[in-house]
Amino acid sequence: MELHLIILIYFVVMVVVVCGSGWYVERHRRSFEPEPSDDSIFRCTDCSYVYTDDPDVDRSRCPQCGRSNQVFEF
């Protein structure tokens, strides 16, 4: 075999190994992340309690103190 062919094969194998391990690491990392939620986030104006509720409600009652609050915007 010629030297340039051996170097080409080595380069292709290394590219495949690096890409494959990057794909595996990314897939493994994503398996531990929480799933995104569609729930709305609320923050009570009286007691500062942060809680979530269904995405279709505009106002929600605080489970800590009972005050009705609007959706919290970041």
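So if the hydrodynamic radius of the chain is defined as the Kirkwood radius over C-alpha pairs, what does Stokes-Einstein give as its diffusion coefficient at 10 °C and 1.306 mPa s, in µm² per second? Numbers along the way, then the final one.
Details: Rh = 16.8 Å.
Stokes-Einstein gives a translational diffusion coefficient of 95 µm²/s.
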Helix 3-30 axis, angle to the chain major axis (alpha carbon atoms, nearest 10°): 20
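Give, rounded to the nearest 20 debye, the magnitude of the charge dipole that the chain has about its Cα centre when Lys and Arg contribute +1 at Cβ and Asp and Glu contribute -1 at Cβ.
Details: 7 positive and 12 negative charges, 51 e Å.
Dipole size: approximately 240 debye.
May I ask you to derive the FRET efficiency for ARG30 and ILE6 from their Cβ-Cβ distance with R0 = 22 Å, giving the value to the nearest 0.05?
Numbers: r = 37 Å, r/R0 = 1.67.
So, using R0 = 22 Å, E works out to roughly 0.05.
What is the chain's relative contact order, in percent, from Cα pairs under 8 angstrom and six or more apart in sequence?
Values: 65 pairs, mean separation 16.0, N = 74.
After rounding, I find 22 percent.
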Long-range HN-HN contacts of CYS62 with modeled amide H, under 5 Å: ARG67, SER68, ASN69
Rough spin-label spacing in nm, given labels placed 7 Å along Cα→Cβ, for ILE41 and SER21: 3.6
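Taken together, the values in this text are just the output of simple stated rules run on the coordinates, not laboratory data. Model, not experiment: these values are computed from the prediction. Every residue, glycine among them, receives a Cβ derived from its backbone with ideal geometry; neighbour counts consider all protein chains shown.
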